[in-house]
Amino acid sequence: MAGAAVCEPLAEGILDPAAVARRAVEHGVDLVVVGPEAPLVAGVADAVRKRGIACFGPSAAAAQLEGSKAFAKEIMASAGVPTALAHVCRTLEEVTDALDAFGAPYVVKDDGLAAGKGVVVTENRMQAVAHAAQCLNRIAEYPTAGQDGSRPPTVVVEEYLDGPEVSLFCVTDGSTVVPLAPAQDFKRVGEDDSGPNTGGMGAYSPLDWAPPGLVDEVVQRVAQPTVDQMRHRGTPFVGLLYVGLALTSRGTRVVEFNARFGDPETQVVLARLKTPLGGLLHAAASGTLDQIAPLRWSPDYAVTVVVAAKGYPEAPRKCVLIEMGSSQDDEAYTLHAGTKIGSNGMLVSAGGRVLSVVATGADLTQARERAYRAVDRITMQGSHYRRDIALAALQGVVRVPTVL
């Protein structure tokens, strides 16, 4: 359902830390969970904690792990976390030097928040330079904690990482790290990984092809050292540490950190989690994560497919009528990501990624079939979605490179 149908919207907006904290006090809230990245970077979690309320979500300072890719690289270097080689660039001359040093495919990342669309991976050098120029010249659309506007904009140019990507969510109270189940998402807008990057067009879990011991390796080599480093700096990270990984020919490498649950992977991971989520998040917020029982998981497979608006990701068309067909599958359901009730009282689109259809099944084939059947019952003029979510895994063609 659209958000306004199930809860009371915050009139002041979620980027106003004082307003969020005040509303939590007024309603006698026991736990605040800050979902999006922009409120975290704006300091909402700090304001809530100052009012004595447990909060799941990192402080503004700790949220810089997502708010600044340059900062994340600094933390990874200090913690000894394996990641791509990178140059932090403040001028186009530095960008072109870095591009020439790494060679194609070129990877250029906006240093700040960009709603999942700040990364360009391309064989075209001119396209890479153009994206860097746009990042260096743009006026930030999101608040960035700890900045007064005096710091010059930066972009991060990285070496390209080969191999399949994996997403791993880690819940932490600033000391203890509890990993969730890994998932794989699909960032490119088009099938066969074509077109520009997006916030994610679909995902699935579990990953039968993932190497044994991958989760333990990531916790030991990535998540725990990062959490420890943040605590040692006096900015403990409490909340959800998303670790985006590439399984390369040189071993596991970190692609990026996020500071919150991210869709579409969250949909498939939580669809399989049997442990009550509220208790897990409260334990992290209250510093008692080391006391919880091992997490329980469903053996089912889960697949989610994102239905996007016409023109997404460049210029999504909004206010398009959405018609939802009746569902015959109890195992499939639709989550609203970018919808609203229009002036005519009908459901319409209000964003780029409009709906996320989630389905579970006894195996990957059944989960995919249920998800796509549900997608096919949705009518929204000009909408598009990928038909190949989890297809490579189903066909057994996902290959993890042999570590050199």
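Okay, here's what the table says:
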item	result
Region 234-267, subset open to solvent by less than 10 Å² (accessible area, probe 1.4 Å) and not in a strand (DSSP E or B), residue nearest to D30 (Cα to Cα)	F237
H87, sole failed condition from (1) more than 30 Å from L247 (Cβ to Cβ); (2) open to solvent by 60 Å² or more (accessible area, probe 1.4 Å); (3) outside any helix (DSSP H, G or I)	(1)
Region 308-324 residues that are of a type in the set (D, E), paired with ones that are open to solvent by 100 Å² or more (accessible area, probe 1.4 Å) (beta carbon under 8 Å, 6 or more apart)	none
Odd one out for K340, checked against (1) assigned to a strand (DSSP E or B); (2) farther than 24 Å from P36 by Cα; (3) at pLDDT below 95	(2)
Residue list for region 91-120, restricted to those being modelled with pLDDT of 90 or more and not in a helix (DSSP H, G or I)	T91, G103, A104, P105, Y106, V107, V108, K109
Residue match in region 268-285 (condition: farther than 29 Å from G396 by Cβ, assigned to a loop (DSSP other than H, G, I, E, B) and either open to solvent by less than 20 Å² (accessible area, probe 1.4 Å) or touching a strand residue (DSSP E or B) at 6+ places or on another chain (Cβ under 7 Å) (or both))	no
Criterion violated by T96 - all others in (1) surrounded by fewer than 17 Cβ atoms within 10 Å (Cβ to Cβ); (2) under 25 Å from the mean Cα position of the chain (by Cα); (3) touching a residue at least 24 places away in the same chain (Cβ under 8 Å) satisfied	(2)
Within region 69-83, tally of residues that are farther than 17 Å from P225 by Cβ and either buried (at least 24 other Cβ atoms within 10 Å of the Cβ) or more than 19 Å from the chain's Cα centre (by Cα) (or both)	1
Residue list for region 186-216, restricted to those being surrounded by 16 or more Cβ atoms within 10 Å (Cβ to Cβ) and either in a helix (DSSP H, G or I) or hydrophobic (A, V, I, L, M, F, W, C) (or both)	F186, V189, M201, A203, L207, W209, A210, L214, V215
Considering residues of region 311-361 that are of a type in the set (V, I, T) and farther than 22 Å from K187 by Cα only, the residue surrounded by the fewest Cβ atoms within 10 Å (Cβ to Cβ)	I341
Selected residue (criterion: most open to solvent (accessible area, probe 1.4 Å)) from residues of region 26-52 that are in contact (Cβ under 8 Å) with a residue 24 or more places away in the chain and in contact with a strand residue (DSSP E or B) (Cβ under 6 Å, 6 or more places away or on another chain)	V33
Residues of region 59-76 that turn out to be under 15 Å from D173 (Cα atoms) and in contact with a Leu (Cβ under 6 Å, 6 or more places away or on another chain), as a count	1
Any chance G190 is at pLDDT below 95 and not aromatic (F, W, Y)	no
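Residue-by-condition table, conditions (1) under 22 Å from the mean Cα position of the chain (by Cα); (2) at pLDDT below 95; (3) in a loop (DSSP other than H, G, I, E, B); (4) closer than 29 Å to G67 by Cβ:
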position	(1), (2), (3), (4)
L295	yes, no, yes, yes
P299	no, no, yes, no
T304	yes, no, no, yes
Q328	no, yes, yes, no
G345	no, yes, yes, no
T360	yes, no, no, no
T365	no, no, no, no
R368	yes, no, no, no
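The values are calculated or read from the model by the stated rules, or taken from the named source; none is laboratory data. Note that the structure is predicted; figures quoted are calculated from it, not measured. For neighbour counting, all protein chains shown are included, and Cβ atoms are generated from backbone atoms with ideal geometry for every residue, glycine included. Ligands, DNA and RNA are stripped out before the accessible areas are found, and what is left, the full protein with its side chains, is counted by its heavy atoms. Shrake-Rupley method; radii C 1.70, N 1.55, O 1.52, S 1.80 Å.
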